[in-house]
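Throughout, read-outs are computed from the coordinates displayed, never taken from laboratory work. Predicted, not measured: the structure shown is a model, and the values here were computed from it. Reconstructed Cβ throughout: ideal geometry from the backbone, glycine too, with neighbour counts over all protein chains shown.
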Amino acid sequence: MVMIRNPDCTDCRHHEGVEKVCELGRGDKHAKIMVVTSRPNSKAFAQVLHGHLSDAGIDPAICYFASAIKCRNFDMNIGRKDLKACAPYLELEIKAVDPDWILTMGNEALQAVTGHSGIMQYRGKILEAHGRKVIPTISSAAISRNPGQTASYMANLRFFAAQVYDKAAKVKPPTIHFINTSYHFKVLKRAIKRADVISFDIETTRAPTEFHPTARVVSLSGTLVIDGKTLVWALPLFHPQSPFRKSWQKALRQLVPLMAKVPKRIAHNGKFDCRWLRRFGQCDIDITFDTMLAAHLLDENREKGLKPQGTSRLGVAPWGIDTKDLLTTPINEVLEYNALDTYYAYHIYLQIRQELQDQPRLMRIFKFITMPAANLLIAVEQKGAWVDRSKLVTNGKIAREMRDEIERQLMEFVSASESPGSSLFAESNSEWPTDARGRPREVNFNPSIWARWFLFDHLRLPALAYGKLKENGEQDPSMAEDVLLELRDLHPAVDLMLKRSMWNQLVKAFFNAYDELLTEDDRIRTTFKIAGTVTGRLSSGKEDSEKFASGRPERGVNLQQVPRDPLVRGLFGAPPGFTFVEADFSQVELRIAAFLSRDRTMLSLYQQGEDIHAATASWVLGIPRSQVTKDDRKKAKAVNFGFVYGMGWRKFIYTAFTKYGVRFSEEEAQAIRRVFFEQFSGLLAWHARQRRLVNDNRRVQNPIGRIRHLPDIDSPEMFVRGEAERQAINSPVQSFGSDLCMLSMIEIDRQFKSADIAAHTIGTVHDALMFEVRDDHVGLALPIIKDTMENLPLAKKFGCYLDVPIVADISAGKHWGQSKELTKEEVYAWVA
DNA sequence: GCAGACTGCGCG
DNA sequence: AAAGCGCGCAGTCTGC
């Protein structure tokens, strides 16, 4: 070891002012296990780390601890260059100790040992470097900052221990039956018919959707349970080496109907597989147990992918191939990978099912909400939302012309010679900005270096705020909307910049995206993620990118962020012969807050059917209820939503200005907050209750038992704890609101089907549902929608007695957001 | 040329 | 001392 150390090393800047130059690690010098981490020689650090290792079953006494950087200077950040400079010493150290296994902790150590960067991507995988096996995880210091990471960190350590000590995985790899003759295919059909359980999975080409011309199913695999025995099989389909390459669709048309009849159907993110199998098997198939959704329901913070679930639950090493292009991957590899997915998913199912059975409230949510929603969304995603093609063309043209015209006007301010001569329009005081190679930068009105030059140098506007402190110690002047609003009166270009930003956003994020994604049947499709949020809400957008090549148009606009501007929202609607129906829960989160807090004022307002936003407006503005305008009510909305979830007066001033254009002084804002909590005094007690609950239990739950884990409540940092406490207030409300909406969607769709009503669910936007109803069935559909939403079977299904009235506002017309809310009479006696 | 951090903005 | 919550995506810039 003496040979390695170089106390005179000056290879990187870290040697300057450090106590000991080139400090090597410590521990067993012939250890089988090497741990690469920052500051291995700090006593306090080592103590914590040794605790973690022991807990995971690794004896720290037989490890060698090394650092990626041998001169530890805590005032300096470590860059790639530093790691490179120090790499030879680490390499020598590895050779000298000669370990079989290396545990790297944190991104630095990962980079230093393997050369890869991206710890969140590589953690828990088995890599190879310097001829040894390497398993990366996050740094132990990250755990104390963010206790929320503890579970997966410990899972990584336990996995490392299992590999090092060669502990047999809990689940052994199965024998896989490859189906490559028509005889085997027949045997497979017979087996599926007899099976009680099927866990299945498909591999596909990287087509953007199952309807794309390049969409093919490359292989199909399954794990069957027949008479208590498992049978694992893999069927090649469109793969070039497949005997069924020419008849792959025919094979699916034979198999999918049989699979759909197996009593228990399991898959990991099965919504994806079911969409493809429906398309090519020409038969509806759904799932009874989705392991990804169940894992997420049990712990919304844990990695829910099949591989991380497999390593942490089953102790199996990450299996499989880099699925870049399946068609050029040898068939055996594809099939083995495909089959193992189904086998391990089946074993994960066995575990998770038990965990759900131990928590009956979660099981009920899974049974009555999660799985029905998943199966309903298969059809919703396949159907898509209808878009008015001619409107898309004309509205898009309007938006593009508006943006171009504004940019033309802005360009007049760019050339200094055309600037008016007043002091406000002073001549430029600096040179046109250049890039790193000295070339002039292009005009770019987006928040860019050029745009900052334009505003703050060329037009000499004052920089009122600055962005984040950068690595080089500089801060860019902020171009955020609220800052520009302050500068609006100083120069006409500011207003143009603001307007351009709005129109450009519409063009780029919406019109362009919709143009690209609109299919021939005039529909746009999204993917809803059921396990995409920590509260149980759906998220909407693109399919997981890993499944698809970059650069291609993909399935997936975000249906939940369609601007309310009629120019955009009005593009969506119902095709000829159909009516677009939107049903909104009225103020659902505030009603839930009233229910949970038991605040007497709020409860009685809702029980009397009064408008809580108007009430707040009259109190905070000090005017009688009758004088409250529509605008006042809108402002009160900001007050209500903010303060209910623990907003402070500073943030209130900020949001009141940026979102509603109202300025409040500090005194006014504090006074409004005070009045608010005087009126709704029950809210403060409720906030305190939620804080106590999360501090005691590290988790909170909503009225039907959906759990939000908040491990960050143990953070030593006040701010992080405060965050967890506010989440403890918001989560039960938001997640219950979402559950009401999901439950409605499921229940309404069920009734449509059983009454044979020609209506389709188009999607949800958190507290709203959208439907497409055949014109002659609107009168039948409207009462079902309203009745269901207002009278959900919460008591029957979840033992939850909601004593706040729930109200659904319904509107019906040709386009989204374009029609008037219906009165109760109109809902129950619809006249087209 | 690509990934990651960061900002800004669309929605509830 | 200070503190709404929950999302997805486009765009810029940096560093390799």
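Some notes on this structure:
- Here the Kirkwood formula puts the hydrodynamic radius of the range A:258-390 at 16.3 Å, using every distinct Cα pair.
- Counting only lysines at least 8 places from A:K304 when in the same chain, those with an alpha carbon closer than 22 Å to its own are A:K125, A:K170, A:K172, A:K264, A:K271, A:K324, A:K367, A:K529, A:K542, A:K547.
- Relative exposure of A:L103, A:L231, judged by other C-beta atoms within 10 Å (fewest first): A:L231, A:L103
- Its Cα gyration tensor gives the range A:88-236 an equivalent ellipsoid, and the semi-axes of that ellipsoid, as √(5λ) in whole Å with the largest first, are 41, 20, 17.
- Rounded to two decimals, the Cα radius of gyration of chain A over 2.2 N^0.38 Å is 1.07.
- Cα-derived Rg over Rh, computed across the range A:85-136 with Rh taken as Kirkwood radius: 0.94
- Measuring between alpha carbons in the structure, the pairs from A:K29/A:K95; A:K391/A:K820; A:K634/A:K786; A:K659/A:K814 lying more than 18 angstrom apart are A:K391/A:K820; A:K634/A:K786; A:K659/A:K814.
- Mean projection area, nm², convex hull over Cα of the range A:675-772: 8.7 nm²
- Centroid-to-centroid separation of the range A:614-660 and the range A:778-809 [C-alpha atoms, Å]: 29 Å
- Taking the fewest neighbouring Cβ atoms within 10 Å as the starting point, the ordered list for A:M602, A:M718, A:M363 is A:M718, A:M363, A:M602.
- P(r) weight above 25 Å for the range A:515-634, C-alpha pairs, percent: 51 percent
- Cα-Cα P(r), the range A:302-378, percent of pairs per 10 Å interval: 16, 35, 32, 14, 2
- Residues A:E203, A:E19, A:E589 arranged by fewest to most Cβ contacts within 10 Å: A:E19, A:E589, A:E203
- Relative compactness, the range A:757-832, computed as alpha-carbon Rg over 2.2 N^0.38 Å: 1.18
- Summary of the geometry: the range A:478-523 and the range A:358-406, compared by the centres of their Cα atoms, lie 22 Å apart.
- Percent of alpha-carbon pairs separated by more than 20 Å within the range A:689-832: 56 percent
- Once you divide the Cα radius of gyration of the range A:598-727 by 2.2 N^0.38 Å, the number left is 1.17.
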